[in-house]
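Accompanying notes for the structure given below.
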Amino acid sequence: MTRPGFVLEVDERTPPLLVHEGEGFRLQRFPLGTRVVYPPDPLPGIRDLRGAIEQALLHPLGSEPLPELLRPGMRLTIAFDDISLPLPPMRTPDIRQRVIEAVLGVAARRGVEDVKLIVANSLHRRMTPREIERTVGERVFRSFFPRDLTNHDAEDPEALVEVGRTEKGEVVEINRRAAESDLLVYVNINLVAMDGGHKSVPVGLASYRSLRHHHNVETMLHSKSYMDPRPEASAIHASCMRMGKVLRDAGIRIFTIETTLNNETFPREFGFLNKREWEWSLADQAMYLAAKKANDAAPARLRREVFRRIEAPYGVTGINAGDTDLVHARTLENLHRQQLVEVQGQSDVLVVGLPYICPYNVNSIMNPILVHCLGLGYFFNLYRGKPLVRPGGVMILFHPVPWEFHQVHHPSYVDFFEEVLAETTDPATIESKYEERYATDPWYVHLYRRSYAYHGVHPFYMWYWGAHALDHLGDVIFVGGDPKACARMGYRAATTFRDALEMASDRVGRDPSITYFHCPPLALAEVR
């Protein structure tokens, strides 16, 4: 029986606790009485993956078996999640490879010849050939790339089609090949509850004209929690559900295949990162000391390369196929079994350590705007019900926040940081004054389409992801953060955790209640 997550109260016997801080980690002592939220232990993975995939395809939820949906002469399109999932990347073979190979096998036996594969990269950067091959495997890559295996292009007018509009007037414009296929199979990895479901197609295969309806400040502010996919809790999911209805009413047949993973996040050489500190063996302690010493001594470039090479030994905990709503309900059950931790009440201060990776810096650099998105957009929102920190409380984050950008992947981020944030950090002002210019800038469009750059509007969306947290919190402090980079974003930097608590005292007093959200591995707080 896998141990559930739990909440520890720090006392005199509690050892220093591990805290991530970008491309590094530390042991940090917390004040007595601090609540520490630990994720559940990893669920067991499915042993017979081939059998589980076959079972899902032949006995789908709310749909005919996949073979019955396939016939000679039809157009079949297989879309799949891009490099932003999972984090860290999983050991090969990727579960998407296994599922895609199974779908292609069924299609071949049914005589389907017109098959295209599309990376559902939305406004993210294009995946490189090497990255695509790692995801789909050598056989699929060799058979289909580059003619029949491509990245989605959200700026190619010939490759897009407007399917319709929702009852609220939201434009639904997606990849033309996907829309005009007889069957669209979407292969997904769900890492957190905000992934998948009706977000997959209307986001992954959409254009800016569609995405702007739910990737905006008003939608973010009116979401009680990004991680709660119920329409009454998430305005983003509500919009995507309306768009999904438009797709269905237009006759677009979608066969959804969603997979879930356990939280076995780090490989054996970093195994101590998966464990609770008081359970570290002597070997774990020695491993921590050696890794910490080597990491601190290594040049930044080498340190980053070591972390980039980490591959997670995830176990697959679920494979479900068929109707999008029914499949996603099963997906959420699996995610909650793995991640949900019940927490009683809110705290004055929420503390998190931010790791080296987020969905938008895979094989890249975690620039300050991505640090903002990871901390205030994702980690703050890892809850159901209400945030771990009270309204007007303080969030303390551990990260160096280096003033550093990947010039190929994030060109519009550089200009956003230098031009936009130099004038204002207010999301609504940023949206109204700058968004359209960046979104339609010909140079950014060119780099998105022809290079490996995120779309010109992408840093705006990353800033908006933090809108809910900014509206809720009274202060944000980064321990170890670059003071100039933090100030540019409207945050404060502290040298030590003690300094951060002292700085927070003007908001929460000198004896605040504190919650340390101990992840990764990922957890989802059920705050009551």
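Placing a pseudo-label 7 Å from each Cα along the Cα-to-Cβ vector at VAL408 and GLU162 gives an inter-label distance of 3.7 nm.
The distance from the alpha carbon centre of region 162-224 to that of region 1-42 is 37 Å, rounded to a whole number. Here is the result for region 408-483: no chymotrypsin sites (Phe, Trp or Tyr not before Pro) lie in DSSP coil with at most 14 other C-beta atoms within 10 angstrom of their C-beta. Excluding same-chain neighbours fewer than eight residues apart, the lysines reachable from LYS292 by a Cα-Cα span under 26 Å are LYS275. The tail of the calculated P(r) for region 428-528 beyond 22 Å holds 53 percent of all Cα-Cα pairs.
Helix 95-109 sits at what angle to the longest principal axis of the chain, using alpha carbons and giving 0 to 90 degrees rounded to 10? Roughly 10 degrees between the two axes.
At a probe radius of 1.4 angstrom, the accessible area of the chain per residue rounds to 40 square angstrom.
For the chain, place one equal point scatterer on every Cα, skip the solvent, and apply the Debye formula. What is log10 of I(q)/I(0) at q = 0.06 Å⁻¹? Evaluating at q = 0.06 Å⁻¹ gives log10 I(q)/I(0) of -0.27.
Principal axis extents of the C-alpha atoms in region 49-261 (largest first, rounded to whole Å): 46, 37, 34. Taking Cα atoms only, the orientation of helix 324-339 departs from the longest principal axis of the chain by about 30 degrees.
With 20 Å as the limit, the listed pairs LYS168/LYS199; LYS199/LYS245; LYS386/LYS484 have LYS386/LYS484 beyond it between alpha carbons.
With only alpha-carbon atoms in the gyration tensor, what are the semi-axes of the equivalent ellipsoid for region 13-96, in Å, largest first? If you can, show how the numbers build up before the last one.
Working: eigenvalues 395, 56, 28 Å².
Values for region 13-96, descending: 44, 17, 12 Å.
Between the helical axis of 235-249 and the longest alpha-carbon principal axis of the chain there is an angle of about 10 degrees.
For region 49-261, DSSP calls about 20 percent of its internal beta bridges antiparallel. Based on DSSP H segments of at least four residues, each scored -39500 (n - 2.57), the chain has a per-residue ellipticity at 222 nm of -9500 deg cm²/dmol.
Of the trypsin sites (Lys or Arg not before Pro) found in region 1-99, those that fall in a DSSP loop while having at most 13 other beta-carbon atoms within 10 Å are ARG13, ARG29, ARG47, ARG91. Overall, the accessible surface of the chain at a probe of 1.4 angstrom is composed of carbon and sulfur to the extent of 50 percent. For VAL479, the residues whose modelled amide H falls within less than 5 Å of its own, excluding neighbours fewer than 5 places apart on the same chain, are LEU397, PHE398, HIS399, ALA494. For the pair ARG308 and LEU289, label points projected 7 Å from Cα toward Cβ lie 3.2 nm apart. Diagonalising the gyration tensor over the Cα atoms of region 101-148 and scaling each eigenvalue by 5 before taking the square root yields semi-axes of 22, 12, 9 Å, largest first. When you restrict to C-alpha pairs under 8 Å that are six or more residues apart and normalise by the size of region 33-112, the relative contact order lands at 39 percent. Enumerate by residue number the GluC sites (Glu not before Pro) in region 4-35 meeting two conditions: DSSP loop (anything except H, G, I, E, B), and at most 15 other Cβ atoms within 10 Å of the site's Cβ. Passing sites in region 4-35 are GLU12.
The values are calculated or read from the model by the stated rules, or taken from the named source; none is laboratory data. Please read these numbers as outputs of a predicted model, since none were measured by experiment. Cβ atoms come from the backbone with ideal geometry, glycine included; neighbour counts cover every protein chain shown. Calculation scope for accessible area: heavy atoms of the full protein, side chains included, ligands and nucleic acids excluded. Shrake-Rupley method; radii C 1.70, N 1.55, O 1.52, S 1.80 Å.
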